[in-house]
Structures are given as C-alpha cells and as structure tokens.
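Below is one structure; the comments refer to it alone.
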Ligand SMILES: Nc1nc2c(ncn2[C@@H]2O[C@H](COP(=O)(O)OP(=O)(O)OP(=O)(O)O)[C@@H](O)[C@H]2O)c(=O)[nH]1
Ligand SMILES: [Mg+2]
C-alpha cells in the first residue's frame with residue numbers, strides 16, 4: 001500500500017536534505033579563527049548572533065548525515081568584527097577542514113532556490129510515476145514551493161522540517177477536496193429521522209469489488225446495530241447471485257434474489273419492499289459490473305436509480321487502475337449522480353496515487369479504502385490516513 005509513492009517521495013526528500021547538509025558543510029570556516037578549527041568545543045567567539053552561531057559537536061564520526069541525533073556537546077560562540085560572518089545568512093561553523101564535520105552546524109540554514117527547484121522537479125516525477133494526477137501534483141508542488149522558498153530551517157533537523165512541509169502541503173491539497181458523507185453516521189441520522197430503509201446503490205466496472213465491499217459495509221452496519229437486507233441485483237454475471245447469498249449467510253442478513261436475466265431494478269424494488277415490511281434499516285443494492293462504454297448496462301443502472309431512488313450511490317473502483325479510473329468515473333457521472341467513491345485493492349497498489357488525487361480530479365469524495373479481502377479490510381477515508389501512509393513522520 002503506497003510503498004512506491006512513499007519510497008519515491010522519501011528518496012526525493014533525502015536527496016534534497018543531503019544537498020542542503022553538504023552545502024552547509026562546505027561553507028567556509030573563516031568564521032572561526034584557524035587555530036580553533038580542529039576543536040570540537042571551541043571557546044566563544046563573539047560577534048555572530050546567537051541563533052546563527054550554535055555549534056554542535058557530534059560523537060559519532062561515522063554518519064554525519066544524522067548529525068542532529070549524534071551531538072554530545074553544544075556550545076555557543078560569538079565572532080566579533082568579522083565582515084564575512086556578518087554577511088553570511090547561513091552560519092555553519094566548521095570544526096575541521098580535513099574531515100567532514102560530524103555535527104558542527106549553526107542554528108539555521110536558508111534553503112537554496114535552485115535546490116528547491118530540483119527537489120520540486122524530483123517530487124513531480126515521483127508523483128506522476130505513481131499515478132497522482134497532473135493537476136493534483138501541480139497544486140501540491142505549488143503549495144510546497146511557496147512553503148520552502150526563502151525558508152530558514154533548523155540545520156539540526158533539516159529532514160524533519162522538510163518532511164513537515166511536505167506533509168502540510170499534502171494536507172492542504174487533500175483538505176481542499178469535497179468532504180464525503182460518513183455512511184454509517186448518515187444511516188444513523190436517516191434512521192433517527194424515520195427515513196428508512198436507507199437505500200444504497202453500488203456500481204462500477206467488472207470485478208472492482210462491489211459485492212465484497214457491500215459485504216464489508218454490511219459487517220460494519222451490523223457492528224453498529226444497524227439492520228441490513230441485501231439486494232442481489234447483479235443478475236448478469238454467472239455465480240453473482242450465489243456469491244451475494246454466501247455473504248448474506250455468513251453475515252446473518254436476509255438477501256432478496258431472483259433468477260439470472262431478471263430485471264435488476266425489480267429485484268431492488270422487492271428488496272426495498274422487504275426492508276419496509278420487516279423494519280430493516282438499510283438496503284444494500286448490488287449491480288452488475290459494467291464498462292462505461294456499455295450504454296445498455298449504463299441505462300440498466302439508470303433504471304435502477306429511477307425505481308429504487310437510492311439515498312446514496314457509491315462508485316466502487318480499483319485503486320490499481322491508474323489514471324483510467326478518473327475517466328471511468330467522469331463518464332459514469334454523466335449519466336448517474338455519484339455521491340462517493342470507494343477505492344478498493346489499495347493493499348495491492350504499490351503506487352497509490354489515486355488515493356491522493358481521485359477526489360480532486362472527479363470532484364467526488366472518497367468514502368473508504370478497501371485494503372484486503374476480509375470483512376474488516378475497509379478503512380474510512382481521511383487525509384490523515386493518506387498523509388501518514390505517503391509521508392510518515394520520522
Ligand atoms: N486485495 C483486495 N482484493 C479485493 C478487495 N476488494 C475486493 N477484492 C477482491 O476482488 C475480487 C472481485 O471482487 P467482487 O466483490 O466480486 O467484485 P465485483 O465488483 O462485485 O465484481 P463483478 O460482480 O464481477 O463486477 C474478489 O476476489 C475480491 O475478494 C480489496 O480491497 N483488496
Ligand atoms: Mg459483484
């Protein structure tokens with residue numbers, strides 16, 4: 001889940017951090033008198049403001065890249081009357097000319113513009129390669145760029161700070177998308193207002209996980225004390241009715257079914273009537289897998305919508321289908337109002353870009369992620385879940 005994207009973005013961040021750390025290390029050491037350059041804890045040299053002249057002496061000589069974790073002594077020093085030092089924005093003080101510093105850094109480093117540009121470009125490639133849409137990528141990088149430009153970062157924590165900015169930009173972009181309905185809460189509200197049974201219709205291409213997702217959600221409804229009847233309205237695919245009946249049996253809920261070739265809308269109608277008659281809270285209406293190009297099947301769903309009048313219409317699409325899913329949803333939504341998307345098979349999707357951009361591209365919110373085949377492998381959508389998966393805090 002997201003491994004590819006996470007790895008690529010993390011590599012881009014690490015590359016950027018490395019450049020900034022190396023640049024900091026290469027700053028001339030004139031700010032300290034020659035004789036003191038080999039000391040790990042030099043005496044105070046007056047002159048430089050405190051923020052700019054903190055020296056950290058690292059203990060571990062092996063890994064200077066994680067200097068902030070390795071410091072053992074911190075000493076502040078001030079340089080007096082050094083014009084170069086006064087001019088310099090970044091105030092790294094090098095401890096040795098011959099060995100790479102192990103931990104001598106100053107308080108803050110200003111990120112270099114051309115490095116930011118290269119970093120942003122690397123992020124762009126990573127995101128596009130991972131199926132994030134072009135528009136979402138651009139929006140994210142614009143936001144990130146403005147956060148980084150001219151930014152001073154704590155030189156002991158460059159990576160942590162950059163990761164923080166990337167996370168913030170991801171949040172900003174994800175939070176700008178329309179928020180979806182919380183299905184279980186929605187059902188509870190409808191039940192409280194007496195608008196039952198709540199009717200939820202599921203549609204989408206072949207094999208994306210519609211029937212499995214209905215079973216997962218039914219499981220979740222049951223756990224919340226909400227009763228369900230299933231409508232086996234896929235009368236098209238061989239074994240679809242049996243598949244739904246098996247789920248219904250496992251979950252201990254009734255299923256309304258007919259024969260193959262029967263009108264799916266009439267099966268839904270019967271299920272709703274059953275729900276009304278038995279005081280059942282929710283009707284879960286399945287449908288046959290269809291391609292957006294198959295107008296017969298699309299008009300079949302349109303008929304189901306007309307007859308069943310669903311309170312919610314949910315599109316079930318595979319995360320792994322790359323950029324094609326956005327086109328499919330756009331095409332479907334020309335004919336049928338879609339209230340939310342459930343993105344399945346995220347567990348099998350190393351790229352994971354759709355999780356970031358499908359809501360932006362289609363204007364339709366993501367409600368859940370399917371993360372496996374078991375009934376509890378259904379994760380409610382949240383920007384936090386996506387950001388933590390794509391760019392975890394160190
Ligand atoms: N790994 C993984 N597999 C899933 C997920 N959701 C569904 N599946 C599997 O995908 C396959 C197809 O699932 P179905 O629920 O039958 O899909 P469908 O959309 O109803 O298919 P049709 O009725 O043929 O259109 C099954 O083997 C499911 O177990 C998921 O989130 N992760
Ligand atoms: Mg099915």
Which shape class, rounded, prolate or oblate, goes with the stretch 194-279 when its Cα gyration tensor gives a ≥ b ≥ c as root eigenvalues, a/c under 1.5 marks rounded, and past that a/b bigger than b/c marks prolate? oblate
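Counting alpha carbon pairs within less than 8 Å and at least 6 residues apart, what relative contact order, in whole percent, applies to the stretch 308-394?
Details: 117 pairs, mean separation 22.7, N = 87.
In percent, rounded to a whole number, it is 26.
Could you list 313, 344 in order of exposure, starting from the residue whose Cβ has the fewest other Cβ atoms within 10 Å? Don't skip to the end; give the middle numbers.
Numbers: 313 23, 344 30.
Least to most surrounded, the residues fall as 313, 344.
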Between the alpha-carbon centers of the stretch 236-270 and the stretch 361-394, tell me the distance in whole angstrom. 29 Å
Please work out whether the stretch 145-302 counts as rounded, prolate or oblate from its C-alpha gyration tensor, where a ≥ b ≥ c are the square roots of the eigenvalues and a/c under 1.5 means rounded, while otherwise a/b larger than b/c means prolate and anything else oblate? prolate
Looking at the stretch 183-387, what % of its DSSP beta bridges pair antiparallel, to the nearest 5? 10 percent
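Using the Cα gyration tensor of the stretch 303-351, with a ≥ b ≥ c the square roots of its eigenvalues, what is the shape: rounded (a/c below 1.5), prolate (a/b larger than b/c) or oblate (neither)? Each step should come with its number before you reach the end.
Numbers: a/c = 3.71, a/b = 1.99, b/c = 1.86.
Prolate is the answer for the stretch 303-351, as a/c is 1.5 or above and a/b outweighs b/c.
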Under a no-solvent Debye model with one identical scatterer per Cα of the stretch 240-350, what's log10 I(q)/I(0) at q = 0.17, 0.21, 0.24 Å⁻¹? -0.96, -1.30, -1.44
For the stretch 183-387, take every pair of Cα atoms, bin their distances at 5 Å starting from 0, and report each bin as a whole percent. 1, 8, 17, 21, 22, 17, 10, 4, 1, 0
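Given contacts defined as C-alpha pairs under 8 Å and at least six residues apart, what's the relative contact order of the stretch 205-316, whole-number percent? Numbers along the way, then the final one.
Values: 165 pairs, mean separation 38.2, N = 112.
Reported as a whole number, the value is 34 percent.
Only Cα pairs under 8 Å and at least 6 apart count here; give the relative contact order of the stretch 183-387 as a rounded whole percent. The partial results should precede the final answer.
On the way: 397 pairs, mean separation 49.3, N = 205.
The normalised contact order for the stretch 183-387 reaches 24 percent.
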What full-extension length gain, to one decimal in nm, is calculated for residue 192 and residue 330 as 0.36 nm per residue of separation minus the Cα-Cα distance? 46.3 nm
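Laboratory data are not the source of any read-out in this text; all were calculated from the coordinates shown. All figures in this text were calculated on a predicted structure; none of them were measured in a lab. Glycine gets a Cβ as well: all are built from the backbone with ideal geometry, and neighbour counts include every protein chain shown.
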